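Accompanying notes for the structure given below.
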Amino acid sequence: MVASGKGKGFGGSFSGPVLGRRGVFALGGLSAGAGVLSACGGNTGRGEADGDGPVLSQWYHEYGEAGTQQAALDYAAAYPDARVGVEWIPGDYDAALSSGLLAEDEAPDCFESHLNRGMVEAGQLEPLDDLVADVIDDIPESDLARNTLDGTVYGIRMIDDPQYIVYRPSMFEAAGIAGPPETFDELVDMAVELDSGEVKGIDFGEASGADRLGQHMIHSLGLSFIGADRQAGFDDARMAEGAGSVRRLSESGALLLGAPTAWWDPSSMLQGLTAMSWTGLWTMPALLEGLGDDIGIFPCPGFAGGAPTVFNGGWSAFVNANGPNVEAAKAFTKWLWVDHEEFILDWCLSYGFHIPSRLSLRAQADELTSGPAAEAVAIADEFGWAEDPDWTPAMNTAVNDMMSNIVIEGADPEEELAAAVATVNDELDGIFG
Amino acid sequence: MTETETETETGTPGPGPGSGSGPGADTGAGAGRSGVSWRARVGRRLGSRGAAFWYFVGPFLAGLVMFTYVPVAWSAFLSFFDARNTVTPAAEDFVGFANFASMLTDANFLRSLWTFTLFAAIIVPVTFAASLGLALAVNRVRVARAFFRSVFFLPFACSYVLASLVWKMSIFTGVHYGLVNTVLGWFGVGPIAWLNGNDPPWFWLVIATLRLWIQCGFYMILFIAALQQIPEHLYEAAYVDGAKPGRQTFWHITLPGLRATSVAVLMLVLIQAYQAFDEFWNLLPNSGNVPYGRTPLVYLFHTSLGTVQDLGRGSAGALILALLIALVTLFQGKVLGFGKPEGR
């Protein structure tokens, strides 16, 4: 889990902890799902008696975009060979899932998540090589890699959600700024220039970017989370320099802090609180509707002479290896996320925007071939990076802490880097040692 | 209290004790009679005092064993294993005290222990003073007593999550239209991002006010109850001896009279401070996973008990925390004399 390894922000949707209208629906879905689950316990559910095949339980995190839950229910209802109950999990999805998978009979049969070694070594994930065999050349390389561990494919990418910075060209013009920045230091200067008090320079989220920019820096500098020697791959002095730039941004006062909504919600842009904001492709429809032509996007600029970066967030589909109906769950997963291209396109384009994880489908996605959305697809292809299945939340916390200590509290960058490297190496030794 | 005593107490309006269904019961007053006969019947059916004890205590004991002692014991078991994504580790994953060593040398975990100590150091004395002050004030009020008690007690019914959202999204919103920032704006003070960053650490103000708002009313009720237990004649005797109402009687009569309650309150506040999770999770950036304001439970959740299930290290951390709470509580009890007879 990388960058923002939590359920709500990670994959990109502006779902959150607030129990609003959607939350109430989600609870309804949860209880409906619980009914299905209780029917599922004995593996002799009514479905089999009716000749409808087995009963499956499918878990999603709570997507924020209107219509997504109904779409998931519709896909499940359209499947002829099993009765599929959809569980829509609000709140901390990753935590709910990891304890759900330990349960004996309330575990999901198929679910969305992100691949990590812990799940594989605990025998929780069913290999899915045979499901993707026919389309393997159509799956983008990075999406295959992030779902492959030691040569076995465990997950099928459902959606790609590139994360980037959105800005208001009209405000750039008014401030006499020609165009997007080339380097992170330029971005800091622009943010200061754009900051008028009421309208701040940039919204990097409530942690001032300390919860994601460290990870971007690693990729910007051509480094890696974990090196080939299975030690921290980012022990490089330029990291300290890059962190210094983020510190300068934090000190400049140009950050939008204390906004009522989190970074994954486009409200701070729509309400005119900031000239630039960290965001992801899923907010594109809302931004286009609210701001019309007055939006542009650019990738996270390079640090310390490095390249620009785009984190390709999103979600992948998995099958619980310990479920009572593994074969049926595999068949359903293949039906929905490999074979049924119209559902894949519907899921990616009809609600928030996401990039389909199939090269052939990308060409068919009209919504993604013009304007800023097309730009997002292009920079995701050119500068995109994906999470590493061996990277754990403890390692991610170490990098976030390094950034927080440097950026928020002004700690010595070199000492902090050494501490983060040591923590990550300890963790790696614990896993591989 | 024995069965007979119970019946004697409650059976006064009716006939003599122990004769619930006798002829006397037929002539007894309605309410009293039904009271007597009900208790007598239940008492007879239960058979003995021992059985009654288990009827009442049994369910709670079963719950306590199942939901507290078994998990604690299991967690202790797991803490000696390299238990990732499993609650039933294999024998070869036994690692001895390695998980404890790892947690105790983890700078972040140690810093989180320091954070909650700081939190407790702020919140315990302030809660104590504020709830005692409220109790004294409300106890003096002559009109609308019930109203004032309810008003201060009501926030206790609010969940930390809900209150956190109100604090975060309306009162202490960091942008210029947040409630506090609007008021500050009238005096020309620029908007303050209350919950972001650590320089200055404004977030403590938000967290402390929230916790005080929720818990002071509860402890106020405890203090009011205790205040009413202090015999009035002690004050009268003091006045006869020339004491002045106010500071003198407060220090020498009221405060000593409140000792048992004070010790209990301090202990409860302290334990609750150690267990802080909800408001840190909901108020601070990145779900509380920031090194400068991370409580032990938030740290354990993020690194080993939530998304990733490193249950060995997580359990070790939880046990270290539990041990620390027990030690500090015992120490506090020793210093303040918990459980000793009230000194009058």
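From the C-alpha coordinates alone, can you work out the Kirkwood hydrodynamic radius of chain A, in Å? The partial results should precede the final answer.
Values: mean 1/r = 0.0448 Å⁻¹.
The answer is 22.3 Å.
Counting DSSP beta bridges in chain A, what percent are antiparallel, to the nearest 5?
For chain A, the DSSP antiparallel bridge percentage is about 60.
Counting only other residues whose beta carbon sits under 11 Å from that of A:D150, what net charge do I get with K and R as +1, D and E as -1? Don't skip to the end; give the middle numbers.
Values: positive: A:R117; negative: A:E121, A:D390.
For residues surrounding A:D150, the net value is -1.
Hey, what's the Kirkwood Rh for the stretch B:234-281 if you take every pair of different alpha carbons, in angstrom?
Result for the stretch B:234-281, one decimal place: 13.1 Å.
With +1 assigned to the C-beta of every Lys and Arg and -1 to the C-beta of every Asp and Glu, and no other charges, what is the dipole magnitude of the protein assembly as shown about the Cα centre in debye, to the nearest 20? Provide the component values of the computation, followed by the final result.
Numbers: 42 positive and 86 negative charges, 1151 e Å.
About 5520 debye.
Give the accessible area for B:W213 in Å² (nearest 10); use a 1.4 Å probe, count only protein heavy atoms, and leave out ligands, DNA and RNA.
110
Provide the descending list of Cα extents for the stretch A:231-371 along its principal axes, expressed in whole angstroms.
So the three principal-axis extents are 56, 47, 30 Å.
What residue among A:M119, A:M284, A:M395 shows peak mean-square fluctuation when chain A is described by a Gaussian network model with Cα springs under 10 Å?
Result: A:M119 has the largest fluctuation of those listed.
Report P(r) for the stretch B:219-344: all Cα-Cα distances, bin width 10 Å, range 0 to the bin holding the largest distance, values in whole percent.
11, 28, 23, 18, 12, 6, 1
Using only the heavy atoms of the protein chains and a 1.4 Å probe, how would A:D236, A:D339, B:D310 rank by accessible area, largest first?
A:D339, A:D236, B:D310
Let me have the relative contact order for the stretch B:99-336, percent, based on Cα pairs under 8 Å that are six or more residues apart.
So the answer I get is 28 percent.
Scale the Cα Rg of the stretch B:99-336 by the rule-of-thumb value 2.2 N^0.38 Å and send over the ratio, two decimals.
Compactness ratio reported: 1.20.
With an 8 Å Cα cut-off and a minimum separation of 6 or more residues, compute the relative contact order for the stretch A:325-433 in percent.
13
Let me spell out the model: positive unit charges on the Cβ of Lys and Arg, negative unit charges on the Cβ of Asp and Glu, origin at the Cα centre of the stretch B:99-336. What dipole size does that give, in debye rounded to 20?
Computed charge dipole of the stretch B:99-336: roughly 360 debye.
Can you give me the long-range amide H partners of A:G313? Hydrogens built in the peptide plane at 1.01 Å from N, cutoff under 5 Å, separation of 5 or more residues or another chain.
A:D161, A:Q163
I need the calculated FRET efficiency for the pair B:A62 and B:V87, taking r as the beta carbon distance and R₀ as 25 Å, to the nearest 0.05.
Working: r = 21 Å, r/R0 = 0.85.
That gives a FRET efficiency of 0.75.
Residue farthest toward the positive end of the dipole of the stretch B:99-336, with Cβ of Lys/Arg at +1 and Asp/Glu at -1: which of B:A129, B:L227, B:P285?
Selected residue: B:L227.
Could you give the size of the charge dipole of chain A about its Cα centre, using +1 on the Cβ of each K and R and -1 on the Cβ of each D and E, expressed in debye and rounded to the nearest 20?
Numbers: 20 positive and 69 negative charges, 163 e Å.
The calculated dipole for chain A is roughly 780 debye.
Once you keep just the Cα pairs under 8 angstrom separated by 6 or more residues, what percentage relative contact order results for chain A?
Worked out over chain A, it gives 24 percent.
Output the Cα-based Rg and Dmax of the stretch A:131-245 in Å, rounding Rg to one decimal and Dmax to a whole number.
In Å, with Rg to one decimal and Dmax whole: 19.0, 56.
As an exercise, identify the trypsin sites (Lys or Arg not before Pro) in the stretch B:135-170 lying in DSSP coil whose Cβ has no more than 15 other Cβ atoms within 10 Å.
B:R142
Principal axis extents for the protein assembly as shown, Cα atoms only, whole Å, descending order, please.
Here the Cα extents, ordered largest to smallest, are 93, 73, 52 Å.
Counting only DSSP beta bridges with both residues in the protein assembly as shown, tell me the antiparallel percent, nearest 5.
The answer is about 65 percent antiparallel.
The values are calculated or read from the model by the stated rules, or taken from the named source; none is laboratory data. Note that this is a predicted model, so its numbers are computed, not measured. Glycine gets a Cβ as well: all are built from the backbone with ideal geometry, and neighbour counts include every protein chain shown. Ligands, DNA and RNA are stripped out before the accessible areas are found, and what is left, the full protein with its side chains, is counted by its heavy atoms. Shrake-Rupley method; radii C 1.70, N 1.55, O 1.52, S 1.80 Å.
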